[in-house]
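Q: Before I ask anything, here is the structure I am working with.
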Amino acid sequence: MNMTQTVPSREEAAANGMVVAWHAAQAPDRMAVVSEMGSRTFGELNAQANRLVRALRRAGLGAGDAVALLCSNRPEFIEVMVACQRGGFRVTPINWHLSGGEVGYIVENCEAKAFIADTRFAGSAQEAAAMSSMLVAKLAVGGPVEGFDAYDAALAAEDGHDIEDPVLGSQMLYTSGTTGHPKGVYRRQAPGAAPLVVKLTETAAFRPEGDMALVTGPLYHAAPLALNMSFPLNNGIGVVLMDKWDAEETLRLIQEHRITHTHVVPTMLHRMLQLPDEAKAKYDTSSLRWILHGAAPCPVHVKEGAIDWFGPVVFEYYAATEGGGIFIASEEWLERKGSCGRPLPGVEVQIQDEDGNPLPADEVGTVYFKAPEDGRFEYFKAPEKTDSAYRGNYYTMGDMGYFDSDGYLFLTGRSAEVIISGGVNIYPAEIDQELLKHAAIADAAVVGAPNEEWGEEVKAVVQLNEGFAADDAMRAELLAFAAENLPGYKRPRSIDFVEELPRMPSGKVLRRVIRDGYWQGAKKI
């Protein structure tokens, strides 16, 4: 009897979602996940993922079915992602800052058959589950959620050995729009190897035997999910999870775990640089070889400070959930301060005017990426939103900028409809709608105003109804109203009063005119 067994290559394992299983076979005792909520070796992570696939299949899920995940940064989040990758499921991580109704919209819209929720968000999970008509499995992580089965018990009933019939799964993340509900970024077919991934792999230069990555942001967000979690794990690198980001704690974890790779947003760099000198001197950060940042333009003085401190290990990219691919290393950036890089080979970018005409070097316009031939994104069950996102074969993420004569991109700001605060996209129309529910407000327009720490802050410009005084008491009342009705990151940090908001003849608020008043004389990079 021939007992020879063909061992798949890493590439073959990755093709059917089993790349973590491949790493587990090579080094089962290597640490894969470290967190305050528990840790997992690659062997343990792999076994848990196999158990979850079996539990979901037992509940009735098959390849192509959707799984919704509402979970904090803990090992179970990663177990769900790895399980969906090999079980053929389409997984949607959900922003846990959202209201229960907003979570429920996503659970229903993504057509989830399974909903896995952290007990920390029990109220939102219950409200969301009640809104969904397709759920056949509801699992609670970390403790009880009424109406949900226990995640640990469900997995304990299953076998942990590798599943025999893996199918490559997919992800569908939701991104907010300037109006209406969040949109699922969906691809009918997987795109080819993205030029950005190729470049990141080259510069990261992972060494599985000793490297560790630090997860600094919430894993429901596209960048931490892809670049802080999936990217290292799929290369055999363990990850350390932060439950809540803190500047000095970041330095402590870097020293304790000899962190080599991490992804941050500019606000994080700014806060670390603002630490007292004695705090910065306490920690050894010499293990760092790769600090990647994106999500928002980085102030020049912040990036200079980061490179001075950590060395030429700071890399920047420009991309989004929908796609993209611009990149720059430290040495190159020091010669082109303020640039976010040049398009990578295979990535085509244009600066276009309002009529869609390409602009020459040094002229500011809207940044458009050419969509790939295969694996183009669409907004799930929203063809009208998909159509509006494209201009021919090009799409935009709402950024303004210009190319210099050597092809380096400089971002000059966001479109007036989008605020980036601490690396998070915030859409003003959603906040306008809530503010307008207050009896005192006749009209409101929210814009991004300069903020040294966050890049931009949410500023509400309000027109009051007759009979209401534009004073500090009213300002405090409106800020309290916003705090009661909006997630923390969407709340206005300040409110200004005007007699009348500027509008076009059509009635549309001239938000850019309002915004520009706060940016006069301020640097936008």
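The values are calculated or read from the model by the stated rules, or taken from the named source; none is laboratory data. From a predicted model like this one, the values you see are computed outputs, not experimental measurements. Every residue, glycine among them, receives a Cβ derived from its backbone with ideal geometry; neighbour counts consider all protein chains shown.
Q: What residue, of G392, G401, G423, is over 18 Å from E348 (Cβ atoms) and outside the structural domain of R336 (by TED's automatic domain parsing)?
A: Within the list G392, G401, G423, the selection yields G423.
Q: Can you name every residue in region 225-242 that is within 30 Å of E278 (Cβ to Cβ) and part of a loop (DSSP other than H, G, I, E, B)?
A: Selection gives M242 alone.
Q: Can we say K459 is modelled with pLDDT of 85 or more, of a type in the set (K, R) and either within 28 Å of the chain's Cα centre (by Cα) or within 25 Å of T366 (Cα to Cα) (or both)?
A: Yes.
Q: While we're looking at this one, here's another question. Exactly one condition in (1) within 30 Å of A445 (Cα to Cα); (2) touching a strand residue (DSSP E or B) at 6+ places or on another chain (Cβ under 6 Å); (3) free of Cβ contacts under 8 Å to residues at least 60 places away in the same chain is false for V67; which is it?
A: Condition (1) is where V67 drops out.
Q: Turning to a different aspect of this structure: So which residues in region 442-457 are touching a Leu at 6+ places or on another chain (Cβ under 8 Å) and crowded, with 20+ Cβ neighbours inside 10 Å, if there are any at all?
A: Within region 442-457, A444, A445, V446 qualify.
Q: Follow-up. Anything in region 120-158 that is more than 26 Å from the chain's Cα centre (by Cα), assigned to a helix (DSSP H, G or I) and under 22 Å from I78 (Cα atoms)? List them, or say none.
A: D152, A153, A154, L155, A156
Q: Can I ask one more? Return the residues of region 356-384 that are assigned to a strand (DSSP E or B) and either surrounded by fewer than 19 Cβ atoms within 10 Å (Cβ to Cβ) or touching a Gly at 6+ places or on another chain (Cβ under 6 Å) (or both); say none if nothing qualifies.
A: Within region 356-384, the subset assigned to a strand (DSSP E or B) is 358, 365-370, 377-379.
Within region 356-384, P358, V367, F369, K370 qualify.
Q: Next up: What's the total number of residues in region 236-250 that are in contact (Cβ under 8 Å) with a residue 60 or more places away in the chain and more than 19 Å from G294 (Cβ to Cβ)?
A: Here the count works out to 5.
Q: Same structure again: Being at pLDDT 95 or above and assigned to a helix (DSSP H, G or I) is the filter here; which residues of region 202-224 pass it?
A: E202, T203, A204
Q: Now, a different point. Which of the residues belonging to region 248-287 are surrounded by fewer than 17 Cβ atoms within 10 Å (Cβ to Cβ) and touching a Leu at 6+ places or on another chain (Cβ under 8 Å)?
A: Correct list: E248, L275, A279, K280, K282, Y283.
Q: List every residue pair whose Cβ atoms sit under 9 Å apart, with the two residues 6 or more apart in sequence or on different chains, where the first one lies in region 402-413 and is within 11 Å of G341 (Cβ to Cβ) and the second, anywhere, is part of a loop (DSSP other than H, G, I, E, B) and of a type in the set (K, R).
A: Going by the 9 Å Cβ cut-off, the qualifying pairs are Y408/R336; F410/R336; L411/K524.
Q: Looking for something farther than 24 Å from K183 by Cα, touching a strand residue (DSSP E or B) at 6+ places or on another chain (Cβ under 7 Å) and in a strand (DSSP E or B) - is there at least one such residue anywhere in region 473-483?
A: Within region 473-483 (the criterion being farther than 24 Å from K183 by Cα, touching a strand residue (DSSP E or B) at 6+ places or on another chain (Cβ under 7 Å) and in a strand (DSSP E or B)), the answer is no, since none of the residues qualifies.
Q: Same structure again: Would you pick out the residues in region 201-225 that are surrounded by 15 or more Cβ atoms within 10 Å (Cβ to Cβ) and out of contact with any strand residue (DSSP E or B) (no Cβ under 7 Å at 6 or more places or on another chain)?
A: Passing the criteria: F206, P208, G217, P218, H221, A222.
Q: F481 fails exactly one of the following numbered conditions: (1) under 30 Å from G356 (Cβ atoms); (2) touching a His at 6+ places or on another chain (Cβ under 8 Å). What is the number of that condition?
A: The single condition F481 does not satisfy is (1).
Q: Okay, moving on. Does at least one position in region 35-45 carry a residue that is over 19 Å from G238 (Cα atoms), at pLDDT 95 or above and surrounded by fewer than 24 Cβ atoms within 10 Å (Cβ to Cβ)?
A: no
Q: Let me ask something additional. For region 1-115, which fully contained helices (runs of 4 or more DSSP H) count at least 1 residues that are closer than 26 Å to A382 by Cα and in contact with a Ser or Thr (Cβ under 8 Å, 6 or more places away or on another chain)?
A: Once the helices (runs of 4 or more DSSP H) in region 1-115 are filtered for at least 1 residues that are closer than 26 Å to A382 by Cα and in contact with a Ser or Thr (Cβ under 8 Å, 6 or more places away or on another chain), what remains is 75-87, 100-109.
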